[in-house]
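Notes to accompany the following structure.
Rule-based calculations on the coordinates, nothing more; no lab input. Keep in mind that this is a model prediction, so the values were computed, not measured. Using ideal geometry, Cβ is built from the backbone for each residue, glycine included, and neighbour counts are taken over all protein chains shown.
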């Protein structure tokens, strides 16, 4: 899951920013996929038709080659994965001041679309995270709650063999890790690992 910028492929990747999307672009071929002419439709659509919450447009990159680790060192055995690019509403920009009810509805709709799209294309293991909880200003308690509602209460976990939450837990992100662990770590069948 790429926590995407709705208007610029890779967000601030080219200018040296280092949020989740930018890191994914530095570690893999994701940027080549999301900056392609075909993918540019999403960004153009958001510029032209996006609301305060942007749009529900998503991109699915079926073949993304990962060749660097988190420290940007080349890895001995590169691998291929799929990545879904899904922008969260930016609470510091267009979504600022919108009602919690409207925001909750949009966030759950997009996450539900993500889960069903991944299942439809046969992906049995998915990696999720603190979507929108960094540069876009969402509270981890709300986002973890959306995931719990959709995966546990709506039972979409049955669509997958494994669901991984990769939540960074250092510095400013320690809160996100703690909250995700609190809300999702106690669910039946869950295991919490730290690295």
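The length gained by stretching the chain between residue 93 and residue 139 to full extension, at 0.36 nm per residue less their Cα-Cα distance, is 15.0 nm.
Between residue 72 and residue 49, the simple label model (points 7 Å from Cα in the Cβ direction) yields a spacing of 3.7 nm. If the segment from residue 15 to residue 119 were pulled out straight at 0.36 nm per residue, it would be longer than the present Cα-Cα gap by 34.0 nm. Need one word for the chain: rounded, prolate or oblate. Basis is the Cα gyration tensor (sqrt eigenvalues a ≥ b ≥ c); a/c below 1.5 gives rounded, then a/b vs b/c decides. Rounded, since a/c falls under 1.5. Full extension of the chain between residue 39 and residue 161 gives 41.0 nm of extra length, using 0.36 nm per residue less the Cα-Cα distance. Computed from label points 7 Å out along Cα-Cβ, the spacing between residue 153 and residue 26 is 3.8 nm. Its relative contact order, with pairs defined as Cα atoms under 8 Å and 6+ residues apart, puts segment 89-184 at 32 percent.
Annotation for residue 112 and residue 174: the two label points, set 7 Å from Cα along the Cα-Cβ direction, are 3.7 nm apart.
By the beta-carbon count within 10 Å of each Cβ, the least crowded to most crowded order of 59, 103, fewest first, is 103, 59.
Distance from the C-alpha centroid of segment 60-114 to that of segment 1-58: 9 Å, rounded to the whole angstrom.
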